[in-house]
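To keep things clear, I will list the structure first and then write my remarks on it.
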Amino acid sequence: MSIIERIKKGHFWKFHGGIHPPEQKFLTNDKPIRTLDLPDELILPLQQHIGQRGELLVKEGDKVLKGQQLTLLSSPMSVPIHAPTSGIIKAIKSSTIAHPSGLSDLCLFITPDNVDKWQERQSCEDFYQKSPQEIINKIANAGIAGMGGAGFPTHIKISSKPSINYLIINAAECEPYITADDLLIREQSTTAIDGIKILDYVLQPEHILIGIEDNKPDAIKALKKATKDIKKITVCVLPTKYPTGGEKQLITALTGLEVPSGQLPINLGIIMQNIATCFAIADAVINDTPLIRRVVTVTGQALAKPQNVWALLGTPVNYLLEQCGYQATKDKNLIMGGPMMGFNLANDQVPIIKTTNCILAPSKQEVSSENNEVDCIRCGQCADVCPSQLLPQELQWSAKAKDHVQLQKLNLFDCIDCGACAYVCPSQIPLVQYYRIAKAEIRQQQMLDVQAEKAKIRFEARKKRLEQEKIAREAKHKKAAEARKASMNKKNEGGSSATSAVAAALARVKAKKASAQAAKNNENSITEQPTQDIDTKSKVAGAISRAKAKKMALNKEAKENNTVVEAKVVNTAKSNKTDKDKDKDNDNDNDKKARIAAAVAKAKQKSAQRASSIEQKPEIQSVVEENTSSRDENKKAKISAAVAKAKEKAKAKKLATAEIKDSQTSADSEINRQEKKKIAIAKAIAKAKAKAKKQQKEETK
Amino acid sequence: MAFWIASSPHNHIQSETSALMRLVIYATLPGIFAQWYFFGWGNIIHIALASCTVLFAEFSVLSLRHKKISSELFDGSAILTAVLLGISIPALAPWWISVFGALFAIVIVKQLYGGLGHNPFNPAMAAYVMLLISFPVQMTLWQPPLNLMSFDLNFQNTLSTIFTGYTIDGFSTEQLRVHVDGFTMATPLDTLKTDLTLGLTTSESFKSPIFGQHFGIGWEWVNIGFLLGGIFLIIKKAIDWVTPVSFLISLFFCSLLAFFISPDSSASTMFHWFSGATMLGAFFILTDPVSGATSTKGRIIFAALAGLLVYLIRKFGGYPDAIAFAVLLCNMSAPLIDQYTRPRAYGHQSEKK
């Protein structure tokens, strides 16, 4: 309670630093807010706040009424916009918006019909009848976003409510020149206080503090008068110092608390709303008037009649300047916002938006346009005035050196861009500009870092997976090799040329596999994998076609001979000695090789087929083996087939991981053909066996 | 019709580095006037010499570095260096001392380190120390105050002495330094130091005519002149009051402590304040922002350290010229002091380093 006692006594806290730039508020604070005629055209950017733009509800050529909702509240961070007057949507196109870099965004171009016809409204005399949620919805649909400058959606801010200690109403208006809030309070204090009452009803804070600088005596009087019956509200008159109106600075000045770095005031149980936002809330809830206009201070010594005006949202800046007697000079220097934190406009077609509180058109004497930057002499004046207690000069050196680590160590992101440091700098260094660039660079780097980190995790996972697969593959390979060795040892007892032929076929298959594996091992990127798959697939397809061709040849041969396999073998053996026969034998040899290749191909297909069922249990394997070998008794061929199968299975497994479907379909299409082929191949194998026997005989002779 | 685009803030306090430097130069005037009154034209001649030299040196180096000469040559920082150097040099030192010192200050100490704002050492003091070490004979040509001199030292004589080593009448520098009573003079600090090593007590030493009524004829007024200039600068907010106050308090307590421990061999606190270059150092040298600490806390430590060092060097050092050495030593420690005196930023808990 000591805080509130202190406040009641009028004792406030001091925040570090701050400056006293020439206020220049006298230019506009003595004239009432002027209502302007309708401009010829209104340009409404779809997004006028922090967050996302709403979904468009109208199209070109539509007739709209005043206050009609034009975009939809489609996501929580979106804020709708409304037609500021009745008229026709002339165009929906990209146009320059109020942005420091002069960016373009989608805008609605409305041609007013000068009837200014309202849509149907339902005013609500007693908002206490409504539930807080209803009021929040009303505020959301009225398109209200923070009108102090940042444009944070108001309904988000007031929806999050743990127990609120302080509701702080920001009426400090510390920027030089700007008097919009001052005049609004003086002329509309009742409505503004109604807005505060609505917030009080929704948020139920323990205390309501209105922070206002002592350079606005009339506004203070009006506020005190309007709140004298409300005990909960305290009008806190603070000494004038820039930037008292900064959210963090005002909190410190009023409560002595500091918002921890990287956190929001809500973490301290504090919610801050601008006084203009309170007015808009009351207008929306009580009068059912969405946010379609605001007070804008049009000021500067380049104007003949600087004044506060009620500007419809979407009014082009040049219209306002024209109304206030702008004397254009050769170099136009137009600033949206105040001289401390405002930004230069890239052209005068830029429209007024929800966050625009000031248009400043200074004369050349007012705002020096020369850049006289000289080297920093470490005078430390910047550090003396920094409200965030940073070390601007050290930040500047690090920013120039692009030392991002050091910048973050120096708490660059606690900088509020207030510009106090650059204001006092005797070397006239544009410090804030350096910080802005550095901040943007760091944010971009962080984004890239996040992406790189994701890519790294993906890559690591893939590497691990590939390694595991390799280990599994090697283990299987070893097993198969052992089995092959064992069988080879058996075969060696009857070492024949056929054996060597089979071995040669095996070697070929092995070589093929080895090369495939080598390719696989070499490549590490995902992109190469499909290529390999295609490669293997084409190899398989080639083998299949080869096998088919051989099978046809075999069938033909079988028809011609029309004898049992043994007989044929004997015939061949008999005619072995003649040249002609030799040739024939050679042919047969070739046939044999081809047949074995066919067998291998068959095995390949089978294993591919099996691979498609992912689970490769040894039992199934053996069953398949039995099936394939049931028709022939040639052990060598069988074993070679098994070995090839085993090898191919490993290969197929690789395939399966990447392209199961493809191999499956190709395998399926071959099943029928394989059935036929099996018979033919069995014959061929028997033939080969017989030949081998014959050769053996000859050798023994 | 062009639209002017600039970064915020759009208004500026309209202060300039050159204006700040000019203000500091003006503030040295009372001290220079006192010097002129008590010690003649020597220092003013040296200031002029040094100023010409620094402008030449600055111009040469800036051209070599392809810098914008118009804005940087007359930013006042070089002239200020020249003024401070000219004030520090013995009035009757030969002309090449100030020329050489000024060249060293600008070319080596300032520009080779990157120019204005990048020099780790105070150029004037670094040049002074260089001269003192390299040319000890010329750099100890301290003359007695004019009223204690046996010769009349007018402007022509001074000029002649500086450029030729002899007055128009043919007297050498050594002869000029001879006191009316016939012995060679040194500065009050030097005299005291010598006397103490000879076994005399402070009060015995103070009987020497050089000390006059208070702490040294002329020297006390020179110091008062610089004190006035310094107060003017503080009022004008050109310098931070923290540095000189911290320095003077530190020196005060060091000398007070020594005085309590050993009054016979220690000079009074006020003697330390108003002799030598104490006030010049406090308001014009230590407050040099470039080579000093940046934060307020840092400045307090920086200046307090300087006070301690000045006392230690005056008391135990080989040279009586304590300010220059103390300033250089503090310049060296400034980055370290800065590192450990970073203020707590808004919304941050006090960091433990």
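The values are calculated or read from the model by the stated rules, or taken from the named source; none is laboratory data. These numbers come from a predicted model, not from an experiment. Note that we place each Cβ from the backbone using ideal geometry, even for glycine, and neighbour counts take in every protein chain shown.
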Looking only at residues that are farther than 17 Å from B:THR28 by Cβ and surrounded by fewer than 20 Cβ atoms within 10 Å (Cβ to Cβ) in segment B:219-254, which one is modelled with the lowest pLDDT? B:LYS237
Taking segment A:332-347 as the search range and keeping residues that are more than 31 Å from the chain's Cα centre (by Cα) and within 8 Å of chain B (Cβ to nearest Cβ), which one is surrounded by the fewest Cβ atoms within 10 Å (Cβ to Cβ)? A:ASN347
Looking only at residues that are buried (at least 23 other Cβ atoms within 10 Å of the Cβ) and touching a helix residue (DSSP H, G or I) at 6+ places or on another chain (Cβ under 6 Å) in segment B:28-44, which one is farthest from B:THR287 (Cα to Cα)? B:GLY40
Of A:THR329, A:THR255, A:THR315, A:THR297, which residue is more than 14 Å from chain B (Cβ to nearest Cβ), more than 29 Å from A:TYR128 (Cα to Cα) and over 34 Å from the mean Cα position of the chain (by Cα)? A:THR297
A:HIS16 being more than 24 Å from A:LEU184 (Cβ to Cβ), away from chain B (no Cβ under 14 Å), out of contact with any helix residue (DSSP H, G or I) (no Cβ under 8 Å at 6 or more places or on another chain) and not in a helix (DSSP H, G or I): no
Given the structure, is A:TYR177 surrounded by fewer than 24 Cβ atoms within 10 Å (Cβ to Cβ) and among the aromatic types (Phe, Trp, Tyr)? no
Please work out which residue is nearest to B:PHE283 (Cα to Cα), limiting yourself to segment B:297-353 and to residues that are in contact (Cβ under 8 Å) with a residue 60 or more places away in the chain and within 14 Å of another protein chain (Cβ to nearest Cβ). B:ALA303
Quick check: anything in segment B:257-269 modelled with pLDDT under 95, over 18 Å from the mean Cα position of the chain (by Cα), part of a loop (DSSP other than H, G, I, E, B) and within 14 Å of chain A (Cβ to nearest Cβ)? no
Complete set of residues in segment A:308-333 that are more than 20 Å from A:GLN48 (Cβ to Cβ) and part of a loop (DSSP other than H, G, I, E, B): A:CYS324, A:GLY325, A:GLN327, A:ALA328, A:THR329, A:LYS330, A:ASN333
Take B:THR243 and decide whether it is of a type in the set (Val, Ile, Thr) and more than 14 Å from every other protein chain (Cβ to nearest Cβ). no
Members of segment B:273-321 that are in a helix (DSSP H, G or I) and within 20 Å of B:PRO30 (Cα to Cα): B:TRP273, B:THR278, B:MET279, B:LEU280, B:GLY281, B:ALA282, B:PHE283, B:PHE284, B:ILE285
Pick from A:ASP62, A:ASP37: which is surrounded by fewer than 14 Cβ atoms within 10 Å (Cβ to Cβ) and of a type in the set (Asp, Glu)? A:ASP37
Select from segment B:1-22 the residues that are modelled with pLDDT of 85 or more and surrounded by fewer than 18 Cβ atoms within 10 Å (Cβ to Cβ) and write down the one among them that is nearest to the other protein chains (Cβ to nearest Cβ). B:ALA19
Return yes or no: is A:ASP375 touching a His at 6+ places or on another chain (Cβ under 9 Å) and under 30 Å from A:VAL259 (Cα atoms)? no
Among the residues in segment A:393-401, are any assigned to a loop (DSSP other than H, G, I, E, B) and more than 7 Å from chain B (Cβ to nearest Cβ)? no
Among the residues of segment B:10-17, is there at least one that is of a type in the set (S, T, N, Q), in contact with a Ser or Thr (Cβ under 8 Å, 6 or more places away or on another chain) and touching a residue at least 60 places away in the same chain (Cβ under 8 Å)? yes
Output the number of the condition that A:ASN267 fails; it satisfies all remaining conditions of (1) within 11 Å of chain B (Cβ to nearest Cβ); (2) within 20 Å of A:PRO387 (Cα to Cα). (2)
How many residues does segment A:1-13 hold that are at pLDDT below 85 and part of a loop (DSSP other than H, G, I, E, B)? 4
Just one of the numbered conditions (1) crowded, with 24+ Cβ neighbours inside 10 Å; (2) within 14 Å of chain A (Cβ to nearest Cβ) is not true of B:ILE89; which one? (2)
Every pair of residues 6+ apart whose Cβ atoms lie under 6 Å, when the first sits in segment A:460-475 and is in contact (Cβ under 8 Å) with a residue 40 or more places away in the chain while the second is part of a helix (DSSP H, G or I): A:ARG473/A:ALA650
If you take the residues of segment A:430-442 that are more than 8 Å from chain B (Cβ to nearest Cβ), touching a helix residue (DSSP H, G or I) at 6+ places or on another chain (Cβ under 6 Å) and not hydroxyl-bearing (Ser, Thr, Tyr), which of them is surrounded by the most Cβ atoms within 10 Å (Cβ to Cβ)? A:LEU431
Counting only residues that are over 30 Å from A:ALA328 (Cα atoms) and not in a loop (DSSP other than H, G, I, E, B), segment A:347-392 contains a total of 6
Qualifying helices (runs of 4 or more DSSP H) (wholly inside segment B:101-177; at least 2 residues being at pLDDT 85 or above and of a type in the set (Val, Ile, Thr)): B:123-134
Read through the list (1) over 40 Å from the mean Cα position of the chain (by Cα); (2) buried (at least 17 other Cβ atoms within 10 Å of the Cβ), then give the number of the only condition that A:ILE168 fails. (1)
Among the residues of segment A:204-217, how many are in contact (Cβ under 8 Å) with a residue 40 or more places away in the chain and within 20 Å of A:GLY148 (Cα to Cα)? 8
Among the residues in segment A:148-158, are any in a loop (DSSP other than H, G, I, E, B) and within 14 Å of chain B (Cβ to nearest Cβ)? yes
Among (1) within 13 Å of another protein chain (Cβ to nearest Cβ); (2) part of a loop (DSSP other than H, G, I, E, B), there is one condition A:LYS305 misses while meeting the rest; what is its number? (1)
Among the numbered criteria (1) touching a strand residue (DSSP E or B) at 6+ places or on another chain (Cβ under 6 Å); (2) closer than 29 Å to A:GLN204 by Cα, which one does A:THR111 miss? (2)
Which of the following residues is among the charged types (D, E, K, R), closer than 30 Å to B:ALA34 by Cβ and surrounded by 18 or more Cβ atoms within 10 Å (Cβ to Cβ): B:ARG342, B:ARG299? B:ARG299
